[in-house]
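Have a look at the structure below, then the notes.
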């Protein structure tokens with residue numbers, strides 16, 4: 001009965017509290033706008049007539065050398081970059097890369113971090129010391145420096161950027177899940193399950209993880225925004241998404257050399273990154289406000 005009540009709160013109570021939290025709602029709206037733009041780029045002529053799309057959105061790869069660095073106009077609401085490509089189209093198509101890399105990189109960090117943190121907390125002793133010392137070494141290295149090192153070794157590509165950004169975030173999730181799992185592992189029902197003869201695998205996945213994952217959800221909502229910034233930084237430095245694929249970091253980089261002549265080239269990608277990261281941060285803050293009281297009063301049996 002307690003489990004059913006917990007699930008009911010998770011599915012119904014969180015959504016009720018979410019509607020009352022203005023911060024989370026603002027963040028959710030920004031995230032939905034980003035997701036809509038990303039999903040739009042996936043829809044091609046299979047679903048819509050290409051002429052219909054071209055009537056209000058330009059080809060992000062089309063170059064118009066006669067109109068290079070043209071300022072915003074009715075034909076091009078956000079202007080053209082220094083190669084004559086439509087900035088609005090490139091921002092919209094770049095949103096897919098931002099969402100894709102942000103979500104997958106965060107997923108990689110969560111999976112690896114949860115595995116490391118849970119094993120360290122449950123077994124303790126030398127296993128805990130060894131795993132957490134490795135995490136501390138990784139955590140002591142600046143994330144961008146570690147990501148650049150990995151990209152230099154693996155080579156610049158979208159997939160390698162996902163791997164690099166995911167790996168540098170593993171220590172954060174490992175520490176969060178370990179802290180929570182240490183508390184859960186000391187509960188009486190864990191000791192009872194061990195005395196009953198349940199295997200470690202069963203105890204970890206049936207009891208420890210379900211009662212430790214809530215802080216990871218909050219961390220993940222904040223981590224996606226951080227991953228978007230890191231990937232944009234890698235692309236800005238030339239180690240992330242490679243041309244001609246549209247990416248926000250690459251757009252920002254192309255505008256830095258002509259910032260005084262055509263400030264719109266760098267301004268609009270910067271605004272896009274700002275609102276995307278702000279959306280995930282606001283939603284994460286709101287989600288934390290909703291889940292923290294539940295975590296403080298949680299008593300699973």
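The values are calculated or read from the model by the stated rules, or taken from the named source; none is laboratory data. Here the structure is a predicted model, which means the values were calculated and not measured. Quick reminder, even Gly has a Cβ in these numbers, built from the backbone with ideal geometry, and neighbours come from all protein chains shown.
Key figures
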read-out	value
Of all residues in the stretch 43-74 being in contact with a helix residue (DSSP H, G or I) (Cβ under 9 Å, 6 or more places away or on another chain) and exposed (fewer than 11 other Cβ atoms within 10 Å of the Cβ), the one that is modelled with the highest pLDDT	43
Flag if residue 94 is outside any loop (DSSP other than H, G, I, E, B), in contact with a helix residue (DSSP H, G or I) (Cβ under 9 Å, 6 or more places away or on another chain), surrounded by 15 or more Cβ atoms within 10 Å (Cβ to Cβ) and modelled with pLDDT of 85 or more	yes
Tally, over the stretch 111-154, of residues that are assigned to a helix (DSSP H, G or I), surrounded by fewer than 12 Cβ atoms within 10 Å (Cβ to Cβ) and within 20 Å of the chain's Cα centre (by Cα)	1
Residues (under 26 Å from residue 129 (Cβ atoms) and surrounded by fewer than 18 Cβ atoms within 10 Å (Cβ to Cβ)) located in the stretch 158-181	179
Subset of the stretch 179-213 (residues that are more than 29 Å from the chain's Cα centre (by Cα) and assigned to a helix (DSSP H, G or I))	188, 189, 190, 191, 192, 193, 194, 195, 196, 200, 202, 203
Some residue of the stretch 255-270 being part of a helix (DSSP H, G or I), touching a helix residue (DSSP H, G or I) at 6+ places or on another chain (Cβ under 7 Å) and surrounded by fewer than 17 Cβ atoms within 10 Å (Cβ to Cβ)	yes
Matching entry among 236, 275, 268 (being within 17 Å of residue 148 (Cβ to Cβ) and in contact (Cβ under 8 Å) with a residue 12 or more places away in the chain)	236
